[in-house]
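Notes follow once the structure below has been shown.
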Amino acid sequence: MDPVRLLADTSDEPVRPGTAVLRLETTSKRTGTFDGAWWPRSRDIGSQLSGLLIALTARLGTISRVGLDTSGWDETPGHLVVAGHTVRIDWSAVGDSTMIVTRGAQDHFLFLVVPPQTAPGPAHTAMAMAVRDDNAVSAEHVLAAAGVTPAARTVVPSRSPG
């Protein structure tokens with residue numbers, strides 16, 4: 001997994017699958033829809049999410065749960081053990097290309113999830129759009145505006161959580 005970096009660190013560089021971009025504000029006011037964006041390399045949740053959670057824990061503190069959409073992944077486990085800590089995974093079948101990361105009991109961070117098969121140009125554009133302070137649109141709108149076509153967002157039939 002590439003290191004998680006702030007948008008300013010990646011704005012002039014090519015983006016590779018596995019990249020995550022964060023927008024961490026230092027004030028209590030949060031504007032914009034997304035706190036970050038993530039471009040996993042594959043639909044294998046076990047190989048992709050662990051590295052991201054390790055990087056996020058280093059910046060945000062202990063992550064207690066993650067909410068993901070079932071359509072983006074090949075398997076839907078109920079939890080992952082990351083660096084000796086169990087992180088609960090909540091699944092929904094909404095098809096919205098988002099991830100909610102919960103720190104503690106109530107502090108939530110919303111991420112755009114860029115489909116793994118997306119080309120680098122549209123992926124970088126979507127990630128940059130998602131974390132702009134003035135972004136107030138849905139993941140679907142961000143992906144469409146970035147040129148991520150519906151064909152690149154393959155939907156998998158939902159399964160019950162594992």
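Below are the figures for this structure:
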| item | result |
| --- | --- |
| Bins of 10 Å from zero: percent of alpha-carbon pairs in the stretch 53-102 | 26, 53, 21, 0 |
| For the stretch 49-66 versus the stretch 84-123, the gap between their alpha-carbon centres in whole angstrom | 11 |
| Cα-based shape type of the stretch 26-142, given that a ≥ b ≥ c are square roots of the gyration tensor eigenvalues and the cut on a/c is 1.5 | oblate |
| Asp133 - accessible surface, heavy atoms, 1.4 Å probe, Å² rounded to 10 | 90 |
| Distant alpha-carbon pairs in the stretch 94-153 (separation over 17 angstrom), percent | 38 |
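The values are calculated or read from the model by the stated rules, or taken from the named source; none is laboratory data. These numbers come from a predicted model, not from an experiment. Ligands, DNA and RNA are stripped out before the accessible areas are found, and what is left, the full protein with its side chains, is counted by its heavy atoms. Shrake-Rupley method; radii C 1.70, N 1.55, O 1.52, S 1.80 Å.
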